Structures are given as structure tokens and as C-alpha cells.
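Engineer: Please see the structure below; I have some questions.
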């Protein structure tokens with residue numbers, strides 16, 4: 001029987017191969033980009049055998065009042081689409097909106113299960129970005145594309 005870190009690392013490696021990437025935990029973290037626009041970070045908490053996945057959704061406008069923020073984030077957490085268990089939250093100082101979830105690492109005993117979880121995260125980020133674009137057209141979403149010099 002494999003230990004949880006070993007089975008998770010094997011699943012992560014196999015999942016990476018499906019993306020054409022070499023995915024490896026370094027210091028308990030793995031960062032990769034999906035569709036050239038969504039940076040995903042996976043953190044493995046060894047002591048608890050928990051995996052956290054999160055991605056940046058975008059920035060809230062500077063003049064977004066606290067009550068509006070709270071209502072908007074609650075609404076995003078209840079979108080009319082499966083969110084895969086992910087939650088949406090915001091760092092009020094940086095105005096950064098993120099989608100995140102944590103699960104026991106033992107759930108990811110195959111690349112398919114890990115892929116389905118990350119796909120749910122990516123789908124949610126895209127859905128929220130679309131919703132932001134409709135409701136707040138003046139918000140600039142973060143660009144993960146490298147600017148050419």
C-alpha cells in the first residue's frame with residue numbers, strides 16, 4: 001500500500017502528463033497555468049494529508065463597498081452551476097478574488113480524480129470571470145500572459 005504523499009505525487013505526475021506538463025510538488029506546492037489564462041496552485045499539507053487548490057479570479061473594483069463585496073461574493077458562491085465544492089473569497093487589502101477548496105489527499109488516488117477537481121476549479125473561475133465581465137465591465141481581470149518587450 002502506498003503512502004498518501006506517494007500516491008498523490010503519482011496522480012499529480014500522471015495528471016501533468018495529460019496537460020503536457022511536468023507537475024511536481026516543490027516545498028509542498030505546484031503551480032501551473034491552464035488555457036494560458038488561469039494560474040492554478042496546488043498545496044499539499046503533509047501533516048494533515050490535505051490538498052488545497054486555488055486560482056485567482058480577478059480584482060474587485062477599488063470603490064467596492066464592504067456590503068456590496070459581501071453580497072457579491074455570497075452570490076458567486078451560489079451560482080446556478082455546480083461549483084465542485086469550491087468557495088470564492090477576497091483579500092480586501094489587495095482586492096484579489098480567489099476560488100479555493102481543500103480535500104483529503106487520499107481522494108486523489110488517480111489522475112482522473114485530480115483532473116476532475118482541477119477542471120471544476122477552472123470552470124468556476126471562467127464562469128465567475130464571465131459574470132464579472134457582464135456585471136462589472138470596468139473591472140480588469142488579471143492577465144497571466146507574459147507581455148512581450
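Read-outs: derived from the displayed coordinates by stated rules, not from any lab. Just so you know, these numbers come straight off a predicted model, no measurement behind them.
Engineer: At 0.36 nm per residue, and after removing the present C-alpha to C-alpha distance, how many nm does the segment from residue 107 to residue 50 gain when stretched out fully?
Structural biologist: Working: separation 57, 0.36 × 57 = 20.52 nm, distance 0.95 nm.
Taking 0.36 nm per residue and subtracting the Cα distance, the gain is 19.6 nm.
Engineer: Multiply the residue gap between residue 13 and residue 133 by 0.36 nm, knock off their C-alpha separation, and tell me the result in nm, one decimal place.
Structural biologist: Answer, rounded to one decimal: 39.8 nm.
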